[in-house]
Amino acid sequence: MVLTVAAALGIIVIGGLYLLVPQRIASTFGLPVRPEEPGETGWLNLKGVRDVVSGLVILIPLALGHPDLTGYVLLAAALTPVGDMLTILRHKGNRALAYGMHGGTAVVVALAGVLLLVG
């Protein structure tokens, strides 16, 4: 359960950073091109909203005492960083960030889901 809460809070923090300081954090996503002008940061804000909501979607069923449901939600949520990883690779972005951060996140989120389902 600690891993689940840490993963959810981590993604909420990342989302908050994409909302508050999008240009500063853009290079950590892994795409080869990032927006330079404030008016070009809309996609970063969308990612921020997505991440904050994703974290909340994980925490809500857990807080309501439904660890099995939370486990299934985590397994589904693991697809988001997989999609991010594949997008970065397809667009010739930073492979280390694609596999390390996004692939690693997918593994941790899926592991947290499995642990809730078997525990």
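The values are calculated or read from the model by the stated rules, or taken from the named source; none is laboratory data. The structure presented is a predicted model; accordingly, all values stated were derived computationally and were not measured. Glycine also receives a Cβ, built like all others from the backbone with ideal geometry; neighbour counts cover every protein chain displayed. Please note that ligands, DNA and RNA were not included when accessible areas were found on the heavy atoms of the full protein model with its side chains. Shrake-Rupley method; radii C 1.70, N 1.55, O 1.52, S 1.80 Å.
Numbers at a glance
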| item | result |
| --- | --- |
| Test result for Ala63, more than 14 Å from the chain's Cα centre (by Cα) and of a type in the set (A, V, I, L, M) | yes |
| Selection within the stretch 98-119 - over 18 Å from Met1 (Cβ atoms), surrounded by fewer than 19 Cβ atoms within 10 Å (Cβ to Cβ) and touching a residue at least 60 places away in the same chain (Cβ under 8 Å) | none |
| The stretch 72-97 - residue that is touching a Gly at 6+ places or on another chain (Cβ under 6 Å) and not in a helix (DSSP H, G or I) and, of those, surrounded by the fewest Cβ atoms within 10 Å (Cβ to Cβ) | Asn94 |
| Residue in the stretch 52-64 that is part of a helix (DSSP H, G or I), at pLDDT below 95 and open to solvent by 40 Å² or more (accessible area, probe 1.4 Å) present | no |
| Matching residues in the stretch 65-96 - criterion: being among the aliphatic types (A, V, I, L, M) and farther than 21 Å from Leu9 by Cβ | Met85, Leu86, Ile88, Leu89, Ala96 |
| Selection count where residues are within 16 Å of Thr70 (Cα to Cα), surrounded by fewer than 17 Cβ atoms within 10 Å (Cβ to Cβ) and β-branched (Val, Ile, Thr), scope the stretch 1-34 | 2 |
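A quick yes/no check of all residues on (1) at pLDDT 85 or above; (2) in contact with a Cys (Cβ under 8 Å, 6 or more places away or on another chain); (3) within 22 Å of Val109 (Cα to Cα):
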residue	(1), (2), (3)
Leu3	yes, no, yes
Gly10	yes, no, yes
Val21	yes, no, no
Pro32	no, no, no
Glu40	no, no, no
